[in-house]
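This report refers to the structure that appears directly beneath it.
The values are calculated or read from the model by the stated rules, or taken from the named source; none is laboratory data. Only a predicted model underlies this, so the values are computations on that prediction, with no experimental measurement involved. Here Cβ is always computed from backbone atoms with ideal geometry, including for glycine, and neighbour counts include all displayed protein chains.
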Amino acid sequence: MMFAVLSIKEWTAIIVLATFAVYIGLALLFITLLYTTAPAFARTNLLQEIPGKAYAELPTWFQTWENTDMLFMGHKDGDGKVKYCPGKPFEKKPKLLGEAVRVGDKDVEKRGPHGQRLWSNSLTDNDNELYIVLLHHLLPVPATG
């Protein structure tokens, strides 16, 4: 049985293609790690940074997420601080009131006393005031107790 002898060009092409395949595999591995761990880190950041802070002191991304309906604050005790614990703050998904007030030449959404959005759902009787829409479905926090 005879084997064909490959030229230097052919060996170079094989090595380049094999190296390219390795780099593609590593890139796919990195993308997989990023997409599977990012939600966990986002939730960890959210749960470490937000609870216990006054609504006025929250980072700007909180209001951005709130304005895009990714999370809601159901203020229960009137102290202006966000509380998070296991359990739902609302009965069902929050339904926004969507009332607008005329300010100058613009219609601005009516807000609560601390700046939070207003909703019409009934509150639950637990202490949780934070409803997380996006991350809630990816990594739910199990109820304890």
Positions within segment 64-78 being in a loop (DSSP other than H, G, I, E, B), surrounded by 19 or more Cβ atoms within 10 Å (Cβ to Cβ) and in contact with a Leu (Cβ under 7 Å, 6 or more places away or on another chain), in sequence order: Gly74
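Every residue, every condition in (1) within 13 Å of the chain's Cα centre (by Cα); (2) under 22 Å from Asp127 (Cβ atoms); (3) at pLDDT below 85, yes or no:
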{"site": "Leu34", "(1), (2), (3)": "no, no, no"}
{"site": "Ala40", "(1), (2), (3)": "yes, no, yes"}
{"site": "Lys53", "(1), (2), (3)": "no, yes, no"}
{"site": "Thr64", "(1), (2), (3)": "yes, no, yes"}
{"site": "Thr68", "(1), (2), (3)": "yes, no, yes"}
{"site": "Gly80", "(1), (2), (3)": "no, yes, yes"}
So Phe72 fits all but one of (1) in contact with an Asp or Glu (Cβ under 8 Å, 6 or more places away or on another chain); (2) of a type outside the set (D, E, K, R); (3) without any contact (Cβ under 8 Å) to a residue 60 or more places away in the chain; (4) closer than 15 Å to Tyr131 by Cβ; what number is the exception? (3)
Across segment 98-145, what is the number of residues that are loosely packed, with under 12 Cβ neighbours inside 10 Å, in a loop (DSSP other than H, G, I, E, B) and at pLDDT below 75? 11
Looking only at segment 51-63, decide whether some residue is in contact with a Lys or Arg (Cβ under 8 Å, 6 or more places away or on another chain), touching a residue at least 60 places away in the same chain (Cβ under 8 Å) and part of a loop (DSSP other than H, G, I, E, B). yes
